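What follows is a short report on a single structure.
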Amino acid sequence: MKSSITSFAIAFILVAPAASFAQASEPVTRTEVREQIVQIEKAGYTPGATDAYAYPENIMEVEARIAAQKDTARNSDSGTVVKGTSESRNPPAR
């Protein structure tokens, strides 16, 4: 029993410094946090409206929805060239 506690303590001591490096390189401002909260609520998450035990699944689902929306926006903004046209919107010379 004592050896398992000691093993756990040693593992915790070794892992704790690594976890501190997982932080973002720049701190997040209050404005950014508020923007993220608004974005999450617009995506359909209402804090406190669901079971507290379902929190991790609910927030991950909403974050996945937001990521999908960002991917869709990125892909639609990239622009596509339709065959037979050019960037100047003139038909190709024949």
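Quick rundown of the values:
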item: All positions within the stretch 38-51 that are farther than 15 Å from R65 by Cβ and either surrounded by fewer than 11 Cβ atoms within 10 Å (Cβ to Cβ) or within 15 Å of the chain's Cα centre (by Cα) (or both); result: G48, A49, D51
item: Residue, modelled with the lowest pLDDT, within the stretch 52-74, restricted to residues that are more than 17 Å from the chain's Cα centre (by Cα) and not aromatic (F, W, Y); result: A52
item: Residues located in the stretch 75-94, provided they are modelled with pLDDT under 70 and hydroxyl-bearing (S, T, Y); result: S78, T80, T85, S86, S88
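The values are calculated or read from the model by the stated rules, or taken from the named source; none is laboratory data. The model shown is predicted, which means the values in this text are computed figures rather than measured ones. A quick note on method: Cβ atoms are made from the backbone with ideal geometry, for glycine too, and the neighbour counts reach across all protein chains shown.
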